[in-house]
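Read through the structure below, which is laid out as C-alpha cells, and then see the notes.
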Amino acid sequence: MNLRQLALYQPGRRGKIGLWLVALLAVGVISYLNVWSGPAYELHIFFILPAMLIAWYVSLPRAYLLASITVLLWHMTDRQLGGENSSAWPLIFNTLVRIAIPFSSIWLLGKIREILQRETRLARNDALTHLPNRFGFLQDGELLLHLARRQGTPISVLFIDLDHFKQVNDESGHETGDRLLRRVAEVLQKQLRASDLAGRLGGDEFVLLLPGAGQEAALEYAEKLRERLLLAMREASWPVTFSIGVASYGVPPAELTVMLCEADRLMYEVKNGGRDGIRSQSF
C-alpha cells in the first residue's frame with residue numbers, strides 16, 4: 001500500500017469503531033498525563049491529534065463530537081491545575097481558543113480529503129461516462145484476472161467499437177456525440193453482472209471484462225448486449241452500430257493487455273468485414 005492509498009484508506013465498520021475507541025482512550029490518557037505532569041510539560045498539541053485521526057478515517061460528525069469531549073477535558077484539567085484561585089476569564093478565553101483550533105483543523109482536513117478523493121476519481125474514471133478510464137480499468141482488471149488465475153476459472157473480454165460515430169459527431173455536433181457515449185455507458189452498466197467490469201478506453205472504444213465466462217457464455221452475453229445497444233441507438237435515431245471482438249480464455253493469461261490485444265484484433269476483423277457484428281475466439 002503506497003502513501004496515497006494509505007491516506008485514502010477507508011476502514012470498515014469494525015475498523016471505524018476500533019479507531020473511535022482508541023481515540024477516546026487516547027484523549028483520556030492525555031488528560032491524565034496533563035494533570036499528572038502539571039504545567040511543566042505542554043501536552044496541548046496532543047489533544048488535537050485523536051480528533052484529526054477520526055476526522056480523516058471515520059467521519060466529520062464523530063470528529064466534532066470527540067473535539068467537544070477533548071475541549072471539555074482540556075478545560076477541566078486547566079481548572080484542576082489552576083486550583084480554586086484560578087481566574088475565570090483566562091479559562092473562558094483559553095477554552096474558546098481551544099474550540100477554534102480543533103474545529104478548524106477538522107474542517108480543513110475534511111476539505112483536503114474531499115479534494116484528494118475527487119482527484120483520485122478523476123484519475124481513474126472517465127469524466128463523461130463515469131466508467132473507469134484506461135488506467136482505472138487496467139488496475140481493477142488486473143485484480144480480477146489475478147483472482148481468475150488463482151481460482152482457475154475462465155475469463156473473457158469484449159472490445160466494443162462504435163461504427164459511424166464520427167458521422168454523428170460531424171453532422172449533429174459534439175454535444176450529441178457526448179450524449180450518445182453516455183447512453184452507451186448506461187446500457188453497459190445495466191447489462192453488467194456483479195462480477196463484471198466495464199471501461200471506456202478512449203474515444204468511442206469500450207471494453208468489458210467478464211470473469212467466469214467462457215466462450216459460449218461470453219458470446220451470448222455479447223449478442224444480448226449488442227441488441228440492447230442497437231435498440232438504444234434506434235430509439236434516438238442515431239445511425240450507429242457496434243463492432244465487437246470477444247476473446248475468451250479457459251486458462252487466464254498472465255497479463256490483461258494480452259486479452260485486450262486479442263479482443264481488439266477480433267474487433268478489427270469485424271470492422272474490416274463490413275462492421276456491425278461480433279467475432280469470438282477462444283484461446
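Pairs of Cα atoms under 8 Å, at least six residues apart: use those to get the relative contact order of the chain, whole percent. Mind showing how you got there, number by number?
Details: 390 pairs, mean separation 45.9, N = 283.
Across the chain, relative contact order equals 16 percent.
What's the longest uninterrupted piece of the chain once you rule out the GluC sites (Glu not before Pro) that are loop residues per DSSP with at most 10 other Cβ within 10 Å?
Longest site-free region, per DSSP loop and neighbour criteria: 85-283.
Label-point separation (nm) for E142 and E175, each offset 7 Å from Cα along Cα-to-Cβ?
In this crude label model, E142 to E175 measures out at 4.1 nm.
How do the peptides 156-162, 239-245 rank, highest first, by the average count of neighbouring beta carbon atoms within 10 Å per residue? Provide the component values of the computation, followed by the final result.
On the way: 156-162: 26.1, 239-245: 21.7.
So the peptides 156-162, 239-245, ranked by packing, come out 156-162, 239-245.
At a Förster radius of 35 Å, what calculated FRET efficiency corresponds to the Cβ-Cβ distance of H164 and E255, to the nearest 0.05?
Approximately 0.60, to the nearest 0.05.
Only helical DSSP H runs with n ≥ 4 go in: add -39500 (n - 2.57) per run for the chain, normalise by residue count and round the 222 nm mean residue ellipticity to 500 deg cm²/dmol.
Helices in the chain give a 222 nm mean residue ellipticity of -22500 deg cm²/dmol.
What shape does segment 98-179 take by its C-alpha gyration tensor, where a ≥ b ≥ c are the square roots of the eigenvalues and a/c under 1.5 counts as rounded, a/b above b/c as prolate, and the rest as oblate?
Note, shape of segment 98-179 comes out oblate.
For a 29 Å ceiling on Cα separation, which of these pairs sit above it: K190/K271; K111/K166; K16/K190?
Correct reply: K111/K166; K16/K190.
At 15 angstrom or more along the helix axis (alpha-carbon based) and mean Kyte-Doolittle of -0.5 or higher, what helices does the chain contain? Whole DSSP H runs only.
Membrane-span-like by this criterion, though nothing is claimed about a membrane: 13-37, 44-57, 60-82, 88-124, 134-151, 256-272.
When only C-alpha pairs under 8 Å and at least 6 residues apart count, what is the relative contact order of segment 101-203, in percent?
Numbers: 55 pairs, mean separation 37.2, N = 103.
So the answer I get is 36 percent.
Just grab the label-to-label distance for L65 and Q117, each label 7 Å out from Cα along the Cβ direction, in nm (one decimal).
Distance between label points: 1.8 nm.
Computed from the coordinates by the stated procedures, all read-outs in this text should not be read as laboratory data. Here the structure is a predicted model, which means the values were calculated and not measured. Cβ coordinates were reconstructed from backbone atoms using ideal geometry, including for glycine residues, and neighbour counts include every protein chain displayed.
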